[in-house]
Amino acid sequence: MDVHEIFGYIASVCMIMGYMPQAITTMRTRDTEGIAMPTFIMLGLGSVFFVVNGLLPPVNMPLVITNVITTVCSVIIFGIKLQNDRKRRRK
């Protein structure tokens, strides 16, 4: 493992640890009131494109791992946000 890869994995851990507490809280509470949909969509798309970028040669596994995790969380939160917004419109 070279220095670039070590720093990549450290960055991955930091990004995931920064993102996961908020994602878990949102999934538990179902509170999406403070989420701006356009910003959230752009962040989710950014994660998807980073996965693709990380899979292109030379493969960058820290980038792939981090962004697969954040993409999955983003999709779950996006679904919760859509559900909550639909419920609010019905009221």
Inset, instruction - Whenever you get a sec, compute what percent of the accessible area on the chain sits on carbon and sulfur atoms (1.4 Å probe). - result: 71 percent
Legend entry - Cβ-placed point charges (K, R +1; D, E -1), dipole of the chain about Cα centre in debye, nearest 20: 900 debye
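Computed over the Cα atoms, what is the radius of gyration of the chain divided by 2.2 N^0.38 Å, N being its residue count?
Numbers: Rg = 15.3 Å, N = 91, 2.2 N^0.38 = 12.2 Å.
Its radius of gyration relative to the 2.2 N^0.38 Å reference: 1.25.
Using Cα pairs under 8 angstrom and six or more residues apart, how large is the relative contact order of the chain, in percent? Display every interim value, and only then the final one.
Values: 58 pairs, mean separation 34.5, N = 91.
Once divided by the residue count of the chain, the mean separation gives 38 percent.
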Inset, instruction - Note the angle between two axes, namely the Cα long axis of helix 37-55 and the longest principal axis of the Cα atoms of the chain, as a number of degrees from 0 to 90, rounded to the nearest 10. - result: 20 degrees
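Would you mind working out the accessible area per residue for the chain, using a 1.4 Å probe, and quoting it in Å²?
On the way: 6460 Å² over 91 residues.
For the chain, the per-residue accessible area is 71 Å².
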Inset, instruction - Evaluate the Debye formula for segment 1-54 with equal point scatterers sitting on the alpha carbons, no solvent, and hand back log10 of I(q)/I(0) at q = 0.28, 0.29 Å⁻¹, in q order, two decimals. - result: -1.16, -1.17
Legend entry - Rounded tilt (10° steps) of 3-29 against the dominant C-alpha axis of the chain: 10 degrees
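The values are calculated or read from the model by the stated rules, or taken from the named source; none is laboratory data. In this text the structure is predicted, and so the values were computed from the model without any measurement. Backbone-built Cβ (ideal geometry, glycine too); neighbour counts: all protein chains shown. With ligands, DNA and RNA removed, areas are computed over all heavy atoms of the protein, side chains included. Shrake-Rupley method; radii C 1.70, N 1.55, O 1.52, S 1.80 Å.
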